[in-house]
Amino acid sequence: MSFIEIAKKRYSVRKYADRAVEDEKLEKIIEAAHVAPTAANLQPVKLLVVQSKEGMDKLGKAANTYQAPIAIIVCADHSKAWVRPFDGKTMTDIDATILTDHMILEATELGLGTCWICYFKPDIVSREFALPDSLEPINILAIGYADESPADSNRHANTRIPVEKLVTYC
């Protein structure tokens with residue numbers, strides 16, 4: 001599958017089959033995160049792979065994971081953050097998000113569904129997983145086999161702004 005085919009195929013899955021994700025597939029998803037670029041290559045990120053019932057129950061106190069068998073909490077490590085010197089902008093959110101996107105696209109290529117979860121209670125995640133003060137949960141990625149009809153790969157023509165409004169050539 002080409003990159004654009006993978007990107008068009010991906011959609012937010014909100015109903016997962018009661019089926020485990022194979023270890024080999026999870027390893028490839030983690031590898032995709034591992035090779036993702038970060039600002040100044042400082043890699044200010046930490047992934048918490050939640051797959052036990054106990055872990056998913058703890059995570060369920062903070063977020064709806066749609067009964068996915070796996071969730072990855074993507075955290076920014078503020079102790080390693082690169083800060084743009086001109087305006088003081090910290091790049092940790094961007095770095096964490098790039099890793100999340102790499103994992104989403106790899107999971108899609110592997111035939112898995114994902115849901116990028118930003119609607120969660122970060123204080124509860126931090127408490128339940130005993131995160132140090134330097135780690136901030138940025139995204140949660142639910143992963144598993146979809147138990148719903150896939151979204152139409154051609155839906156973007158109707159659901160996105162026109163390219164002419166997206167792009168300005170200078």
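The values are calculated or read from the model by the stated rules, or taken from the named source; none is laboratory data. Just so it is clear, the structure is predicted and the values come from calculations on it, not from any experiment. Using ideal geometry, Cβ is built from the backbone for each residue, glycine included, and neighbour counts are taken over all protein chains shown. What goes into the accessible areas is simple: the full protein's heavy atoms, side chains included, and nothing from ligands, DNA or RNA. Shrake-Rupley method; radii C 1.70, N 1.55, O 1.52, S 1.80 Å.
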**Report entry** Residues satisfying the stated conditions in the stretch 116-153, i.e. closer than 13 Å to residue 96 by Cβ, open to solvent by 40 Å² or more (accessible area, probe 1.4 Å) and not charged (D, E, K, R)
**Finding:** 116, 118, 122
Query raised in the report: If you go through the stretch 17-30, how many residues are out of contact with any helix residue (DSSP H, G or I) (no Cβ under 6 Å at 6 or more places or on another chain) and open to solvent by less than 30 Å² (accessible area, probe 1.4 Å)?
Result: 3
Query raised in the report: Would the stretch 115-134 turn up any residue that is in contact (Cβ under 8 Å) with a residue 24 or more places away in the chain, more than 17 Å from residue 48 (Cβ to Cβ) and not hydroxyl-bearing (Ser, Thr, Tyr)?
Result: no
Report task. Determine which member of the set 40, 71, 33, 7 is open to solvent by 30 Å² or more (accessible area, probe 1.4 Å), out of contact with any Phe, Trp or Tyr (no Cβ under 9 Å at 6 or more places or on another chain) and of a type in the set (A, V, I, L, M). Result -> 7
Requested in this report: Determine which single condition residue 107 fails, assuming it passes every other condition in (1) crowded, with 21+ Cβ neighbours inside 10 Å; (2) closer than 23 Å to residue 62 by Cα.
Outcome: (2)
Report summary line: Those residues of the stretch 1-16 which are in contact with a helix residue (DSSP H, G or I) (Cβ under 9 Å, 6 or more places away or on another chain) and β-branched (Val, Ile, Thr) amount to 6
Query raised in the report: Looking at (1) out of contact with any Phe, Trp or Tyr (no Cβ under 9 Å at 6 or more places or on another chain); (2) buried (at least 20 other Cβ atoms within 10 Å of the Cβ); (3) part of a loop (DSSP other than H, G, I, E, B), can you tell me which one residue 65 breaks?
Result: (1)
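To keep it simple, each residue is scored yes or no on (1) in a loop (DSSP other than H, G, I, E, B); (2) under 15 Å from the mean Cα position of the chain (by Cα).
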{"position": "88", "(1), (2)": "yes, no"}
{"position": "101", "(1), (2)": "no, yes"}
{"position": "123", "(1), (2)": "no, no"}
{"position": "148", "(1), (2)": "yes, no"}
{"position": "168", "(1), (2)": "yes, no"}
**Report entry** Selected residue (only one of 94, 30, 6, 70 is over 24 Å from residue 146 (Cβ atoms) and among the aliphatic types (A, V, I, L, M))
**Finding:** 94
Requested in this report: Determine the pairs where a residue that is closer than 14 Å to residue 101 by Cβ, located within the stretch 10-37, has a partner that is part of a loop (DSSP other than H, G, I, E, B) and open to solvent by less than 20 Å² (accessible area, probe 1.4 Å) with Cβ atoms under 9 Å apart, the partner being 6 or more residues away or on another chain.
Outcome: 29/21; 29/112
